[in-house]
Structures are given as structure tokens and as C-alpha cells.
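Working notes, beginning with the structure itself.
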Amino acid sequence: MERSRLDWSGNMQVIRKGGGEIAMTEGELARFFGVTWKKLNGKLQVIQKSSNLHLDEMCAGEKAMVKDNELTGYAPLYPLSAIIALAFLLDSMEAHLFRKYVCHKVQQPATSITPIFLSGGTHH
């Protein structure tokens, strides 16, 4: 499964890496939000126990974990809906910047394409 993940540019702008739906492992999320795995995992458990998100909003599959060309296990992948929910539970500069980014993106007007219809022949 092709997926994208979120990261930070050198000037702390959110960037998307990869192609496909955004889905990240707990390790990637901990680095992205600048928190420990323990803190991140605790907040993920809060989200799961609250039952506010549907199952498909909480899980985006699994990533095979390989070490020395051997499968060592699988890591759950969290979709964008879970990532946004996490951002509102975490208290870090990265979480704050991501919340601002999400709010800004939602408030941006959608770009629209105006169709142009040509009538008649193509002769000048």
C-alpha cells in the first residue's frame, strides 16, 4: 500500500512525503509531534477508549517491520483523522503548529475551475 506521511520542513512548515493516503506509525507520529512514544501511546489509548472515532477513522492498516531482511512484526498505521484528533490532545509546539496548519487549510477557499465551452466550428 502506497502511503504518505507528514513531516516538517526546515522552517517548520508541514510537508507531505510520499504518494497516497496519509497514514503514520506511532514512531513517526511521536517524531512529528515532538513527544515521547509513551505520551503518544497514552493519548492514542484515550482516543480509542472514548469511542468518538469510527474504526476506519482510527486504523489505516499495518506496516510490516523488517530488520536485517526479516519480518519482525507489524506496526499499526493511523490515518489523518486520528492524527488530527491527536493534535488536539498533545501539548507540544509541533502539535500547536499542526493545529494552526489544519485550521488554516480548512478556512482556505477551495480553488474552483471555471469550465469554458466552445461552440461552433474550429475554423477561424
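The values are calculated or read from the model by the stated rules, or taken from the named source; none is laboratory data. Just so we're clear, the structure is a prediction, and the values are computed from it rather than from any experiment. Here the Cβ is made from the backbone with ideal geometry for all residues, glycine too, and neighbour counts use every protein chain on show.
Across segment 35-75, the qualifying residues are those that are within 24 Å of His96 (Cβ to Cβ) and in contact with a Ser or Thr (Cβ under 8 Å, 6 or more places away or on another chain), and the one among them that is surrounded by the most Cβ atoms within 10 Å (Cβ to Cβ) is Val35. Report yes if Asn11 is within 19 Å of Lys100 (Cα to Cα), in a loop (DSSP other than H, G, I, E, B) and either within 16 Å of the chain's Cα centre (by Cα) or not small (Gly, Ala, Ser) (or both), otherwise no. So Asn11 fits the description; yes. Selection within segment 76-112: residues that are surrounded by 10 or more Cβ atoms within 10 Å (Cβ to Cβ) and basic (Lys, Arg). The member of this set that is nearest to Val46 (Cα to Cα) is Arg99.
Residue by residue through segment 54-71, note down the ones that are assigned to a strand (DSSP E or B) and modelled with pLDDT under 80.
Scanning segment 54-71 gives Glu62, Ala64, Met65.
Considering segment 19-34, and only residues there that are in contact with a Phe, Trp or Tyr (Cβ under 7 Å, 6 or more places away or on another chain) and of a type in the set (Gly, Ala, Ser), the residue that is farthest from Phe98 (Cα to Cα) turns out to be Gly27.
Among the residues examined, Ile47 does not qualify as under 14 Å from the mean Cα position of the chain (by Cα) and closer than 17 Å to Glu28 by Cβ. Of the listed requirements (1) modelled with pLDDT of 90 or more; (2) in a loop (DSSP other than H, G, I, E, B); (3) more than 12 Å from Leu86 (Cα to Cα), Leu6 misses just one: (2).
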